[in-house]
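The values are calculated or read from the model by the stated rules, or taken from the named source; none is laboratory data. Keep in mind the model is a prediction, meaning the values are calculated, not measured. Here the Cβ positions follow ideal geometry from the backbone for every residue, glycine too, while neighbour counts run over all protein chains shown. Calculation scope for accessible area: heavy atoms of the full protein, side chains included, ligands and nucleic acids excluded. Shrake-Rupley method; radii C 1.70, N 1.55, O 1.52, S 1.80 Å.
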Amino acid sequence: QVQVVESGGGLVQPGGSLRLSCAASGRFSRINDMAWYRQAPGKQRELVATITSGGSTNYADSVKGRFTISRDNAKSTVYLQMNSLKPEDTAVYYCNANIIRLGGLRPSDYWGQGTQVTVSS
């Protein structure tokens, strides 16, 4: 069984910072791309940032210059450092990992359960 689990959400004031973590566990041979998505109330889930296994990154325009995605391949973990947070960043943040299970041939997408980030004074 492969799982991805997020942590690090919470309540923060505008202009503040939070760091989200997402760890993959279980029996797998490879993790390809990892990503963070978010979903605000009444809105569709949107892509926030992605990172390849080699460390190449991509960001949504709305978070460029404020958020940084990184990963530690030895720990099978991806991070999202969020700075200069705005009320419009309030959402449930989800981790996504593209993983090849041990003994498998094709990768599958695995999602975490989500972690709430609330930016409010």
**Request:** In square nanometres and to one decimal, what's the mean projected area of the convex hull around the Cα atoms of the chain?
**Result:** 7.2 nm²
**Message:** Can you give the FRET efficiency to the nearest 0.05 for Lys43 and Ala74, using r as the Cβ-Cβ distance and R₀ = 30 Å?
**Reply:** 0.30
**Prompt:** Which of the lysines could be linked to Lys86 by a straight reach, that is with a Cα gap under 25 Å, when you skip same-chain ones fewer than 8 residues away?
**Reply:** Lys43, Lys64
**Prompt:** Put a dot 7 Å past each Cα toward the Cβ at Asn32 and Gln1; how far apart are the dots in nm?
**Reply:** 2.5 nm
**Request:** Please give the FRET efficiency for Ser56 paired with Ser121, using the beta carbon to beta carbon distance and R0 = 41 Å, rounded to the nearest 0.05.
**Result:** 0.70
**Prompt:** Tell me, what % of the accessible area of the stretch 1-55 is carbon and sulfur with a 1.4 angstrom probe?
**Reply:** 44 percent
**Asked** Using r as the Cβ-Cβ distance of Ser84 and Ser108, and R0 as 41 Å, what FRET efficiency do you calculate, to the nearest 0.05?
**Response** 0.75
